[in-house]
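This report concerns only the one structure given below.
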Amino acid sequence: MSKEKDIRRRLVEVVLDLASVNGRIVFLPHERLDADALGASISLAEVFRAVGCETTVLVDSELPESLSYLPLLETVQVYEPSLKYSPYDLALAIDCHEENRVGERAGWLTRSRLRGSVDHHVVSTDLGRLDLVVPSASSTCELAFEIIWDLELYLAKPLFNRDIAVLLLAGIVTDTGRYSYSNTTPVVFRQAAFLLERFDVDLASLNYDIFERTTVERLQFKGDVYSGITAFDDGRILVASVTRDMIDRRGVTDDDLGNFASEMRGADGTEVTLLFSESNEPPSVRVNIRSSGCFDAAQFAKRYGGGGHRRAAGATLNDITMGEAMDSIVREAKIFLDACKGELRA
Ligand SMILES: [Mn+2]
């Protein structure tokens, strides 16, 4: 049995054990929520509750408006600093596996009786017995699907439902760039086919909600950001930056930075895109990295305490100005790109 299947079986066993005693499970999706983190959290929470556990999805901040199309959002609890830790039998980090990705909720991960994770990012810390981290998976929702599938087979009763189908498809559609990124595998299509055969899901409207729905202000904001794109290294590296002023002027949020870095990657001759954005609390600079070719974005982000995937990664830098962050990261990215090209030639 593969290591991944082994860990999945162990997770399912723990959940079934907890179900028999009404055990308590808390789900901790990463900060800067996205459809994959939230979709996987809510669908697993629903299913684990249906088999007998008491479940809570605890998110770090108010749900972004861009995810308002998802079902079952009313079941989610929003963290507040006044919230006291209450004992859980199992805490699961979702779409991440490190304490620093869940921010102020880290205590839930470290103080619960058991901890684990369901994630598809490149592994960056030592993993425990209940850490299901599969970087080759397209999304955490793909892994959540497998867990629910296993539970259905084991208990011989239906556990998927229409809401769960929408949640899982939203995560998968988002993380595969609507089935276009290199992480799109036959497994992803098989799962989608199964869900669409069983449930009446409007894929076109889901696609609209995830990728197309926008506002005039967001379109103008996109224009602001794109008109400031700078090309380095003969256009192989494209850089854009977003200051707080730019965000405030258009009345948008960080959440509206969406797909900018990925979209920029489509420019002819571009191999690396870097999108810098300023945060106030705490003062920091976020860099989103997208790549093609030999440039490993996850490896590069690791240098700055970040992580992610080979083609899409990010890092947050503290105590640094936007200008300083841009100067040093652009310089390093050029060296990193030259080095991987050199290795290819060698
Ligand atoms: Mn994901």
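Val76 - would you say it is more than 12 Å from the ligand (Cβ to nearest atom), surrounded by 17 or more Cβ atoms within 10 Å (Cβ to Cβ) and within 18 Å of Ala45 (Cα to Cα)?
Answer is yes for this residue.
Answer yes or no as to whether Leu132 is modelled with pLDDT of 95 or more, within 23 Å of Arg310 (Cα to Cα), in contact with a Lys or Arg (Cβ under 7 Å, 6 or more places away or on another chain) and within 15 Å of the ligand (Cβ to nearest atom).
Yes; evaluated as a whole, the condition is true for this residue.
Quickly run through region 49-95 and pick out the residues that are part of a loop (DSSP other than H, G, I, E, B), of a type in the set (D, E, K, R) and within 21 Å of the chain's Cα centre (by Cα).
If the condition is that a residue be part of a loop (DSSP other than H, G, I, E, B), of a type in the set (D, E, K, R) and within 21 Å of the chain's Cα centre (by Cα), then Asp60, Glu62, Asp95 are the ones that fit.
Could you say whether any residue in region 115-128 is surrounded by fewer than 18 Cβ atoms within 10 Å (Cβ to Cβ), within 16 Å of the ligand (Cβ to nearest atom) and free of Cβ contacts under 8 Å to residues at least 60 places away in the same chain?
The answer is yes; a qualifying residue exists.
What tally of residues in region 19-37 results from selecting those that are within 10 Å of the ligand (Cβ to nearest atom), more than 15 Å from Phe145 (Cβ to Cβ) and touching a helix residue (DSSP H, G or I) at 6+ places or on another chain (Cβ under 6 Å)?
2
Those residues that are closer than 30 Å to Pro71 by Cβ and out of contact with any Gly (no Cβ under 6 Å at 6 or more places or on another chain), I need them from region 210-236; list them, please.
Across region 210-236, the qualifying residues are Ile210, Phe211, Glu212, Arg213, Thr214, Thr215, Val216, Arg218, Leu219, Phe221, Lys222.
May I ask you to list the residues in region 225-246 that are over 30 Å from Asp338 (Cβ atoms) and surrounded by fewer than 16 Cβ atoms within 10 Å (Cβ to Cβ)?
Selection gives Arg244, Asp245.
Among the residues of region 143-154, are any within 12 Å of the ligand (Cβ to nearest atom), in contact (Cβ under 8 Å) with a residue 40 or more places away in the chain and in the same structural domain as Asp34 (by TED's automatic domain parsing)?
Yes, some residue in region 143-154 is within 12 Å of the ligand (Cβ to nearest atom), in contact (Cβ under 8 Å) with a residue 40 or more places away in the chain and in the same structural domain as Asp34 (by TED's automatic domain parsing).
Kindly list the number of the only condition in (1) out of contact with any His (no Cβ under 6 Å at 6 or more places or on another chain); (2) touching a residue at least 40 places away in the same chain (Cβ under 8 Å); (3) surrounded by 18 or more Cβ atoms within 10 Å (Cβ to Cβ) that fails for Ala298.
Answer for Ala298: the failing condition is (1).
Considering each residue of region 155-205, count those that are within 25 Å of Glu13 (Cβ to Cβ) and within 14 Å of the ligand (Cβ to nearest atom), and give that number.
Going through region 155-205 one residue at a time, the tally reaches 3.
The values are calculated or read from the model by the stated rules, or taken from the named source; none is laboratory data. Predicted model, so just to flag it, every value in this text is computed and none were measured. Virtual Cβ from ideal backbone geometry, glycine too; neighbours counted across all protein chains shown.
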